[in-house]
Protein chains: 2
Amino acid sequence: MCELLGMSANVPTDICFSFTGLMQRGGKTGPHRDGWGIAFYEGRGCRAFHDPAPSAESEIARLVQRYAIKSRIVVSHIRQANRGRVCLANTHPFARELWGRTWVFAHNGQLKGVKRLPVDFYHPIGTTDSEHAFCWMLSRIRERFPQSPRRPQTLWRCVRELMEQLGELGIFNVLLSDSRYLYAYCSTQLSWLTRRAPFGRAQLVDADWVVDFQEETTPGDIVTVVATYPLTANEAWVIMRPGELAVFADGLIASGIER
Amino acid sequence: MCELLGMSANVPTDICFSFTGLMQRGGKTGPHRDGWGIAFYEGRGCRAFHDPAPSAESEIARLVQRYAIKSRIVVSHIRQANRGRVCLANTHPFARELWGRTWVFAHNGQLKGVKRLPVDFYHPIGTTDSEHAFCWMLSRIRERFPQSPRRPQTLWRCVRELMEQLGELGIFNVLLSDSRYLYAYCSTQLSWLTRRAPFGRAQLVDADWVVDFQEETTPGDIVTVVATYPLTANEAWVIMRPGELAVFADGLIASGIER
């Protein structure tokens, strides 16, 4: 099983603290030795780092930890390969452009028969089930909406329907973003936490690091972190239910839709 | 004017030496302070780094210089903005997927009226002329070839025709790759150099660095470097002619087509 990490914030925020926890699971406190990747949005721009090497030993991971890239939406993934060999083309998150926006996708789980689903607009570059699922989903969204629908809720409903269809094929925990929203779909395991004033201290589960967010933030900051398993021991994470899609905007949950 | 750097090689090769020369031009020996980017192919996978900060001061540029990423095709660009503000979404190289391959594009120059050209399959994320030209070109290739043509020469001819059309709109020096070939189109200024056995010493123009490639290579290595201006003082660079498209594969020129 792979691990996911996402962030939605109302101000550009670095993800160093959470990322450090996640990276430990890549070959140190966890078995996810088959590469990792992270995408940071800056406005409509998207900056991604991918490495097929284990994150706990990755030179690029150390850069991302040291060099506090600030972003309002982040999607990250560390991989324990089950389908598709370990190589750059198979390293999440995957990205495609739709409606002049970069869409980014990371998946934890396995899907049975997903490669029978037709892709047309978007084609996989690597050989993973995950990228095929992403290409199918984005092809369907594009087919239904040649242009971005005016009401965001119209799009969210479409995303949820497609996520549900894919969820029927196996385990499908997913983080997705279109540079405006962060979508988190829980098939078996996903949790989230919103930090806002009054901020307190947080203790990582996977590394010996305590942060006092009061010292790191301003009173108006709102930051939501989404992760496969809670990353901190002393905060109240929301454990998502199977079949639930949560949509985050500017650090807050915009919509929680259960099946 | 921006500067371009590309590489095509028959074995995975690092570009540290040439990249170091280029980076000096980003705010130190050159005026290109408005960001830089580099894309490395690894098989079908593509790893890109973008930074809106000047390359001579960039933390990420230092990582790329230190951490010798080996690749057979590289496309890089440092920017002196003329159209489109300085931000991540406007930082070359731009990337899109076509036929399950990542296409990467970097442009030096300015185009007049390019935004009147229709884009349909691919839409710009940022606001540069360059990305619009890329989206138009890729939309036209896709329209003409829903699947990759069997003979590479068929594709090369199409690429040349589209490059020529864009070249009529202004200055259009371009590096393009589809993960198999490196395309270099010269509108006003572009040069290339193939290094192969017997290897000699090379002296960077922009930094105090001499490399003896005999010590860095094996006898079968073939590496072509493409750059706006020659990067070394003591090697015989080929200066391309206006209207010329050169296609490189495995380090060698596969086709040089003049208008």
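Being outside any helix (DSSP H, G or I) and modelled with pLDDT under 85 is the filter here; which residues of segment B:55-77 pass it?
B:58, B:67, B:68
Quick one: how many residues across segment B:218-257 are touching a residue at least 60 places away in the same chain (Cβ under 8 Å), out of contact with any Gly (no Cβ under 9 Å at 6 or more places or on another chain), surrounded by fewer than 19 Cβ atoms within 10 Å (Cβ to Cβ) and not aliphatic (A, V, I, L, M)?
5
Residue check: is residue B:86 aliphatic (A, V, I, L, M), at pLDDT 80 or above and buried (at least 23 other Cβ atoms within 10 Å of the Cβ)?
Taking the combined requirement at face value, the residue does not satisfy it.
Which condition number does residue A:174 fail, the rest of (1) within 27 Å of residue A:18 (Cβ to Cβ); (2) not in a strand (DSSP E or B) being met?
Evaluating residue A:174 over (1) within 27 Å of residue A:18 (Cβ to Cβ); (2) not in a strand (DSSP E or B) leaves (2) as the failure.
Limited to segment A:110-136, what total is found for residues that are in contact with a Leu (Cβ under 7 Å, 6 or more places away or on another chain), more than 14 Å from chain B (Cβ to nearest Cβ) and part of a helix (DSSP H, G or I)?
Count: 3.
Of all residues being hydroxyl-bearing (Ser, Thr, Tyr) and out of contact with any Ser or Thr (no Cβ under 6 Å at 6 or more places or on another chain) in segment A:222-236, which is nearest to residue A:202 (Cα to Cα)? Just the residue, please.
Out of the qualifying residues, it is A:232.
The values are calculated or read from the model by the stated rules, or taken from the named source; none is laboratory data. Small disclaimer: the values here were computed from a predicted structure and weren't measured. Using ideal geometry, Cβ is built from the backbone for each residue, glycine included, and neighbour counts are taken over all protein chains shown.
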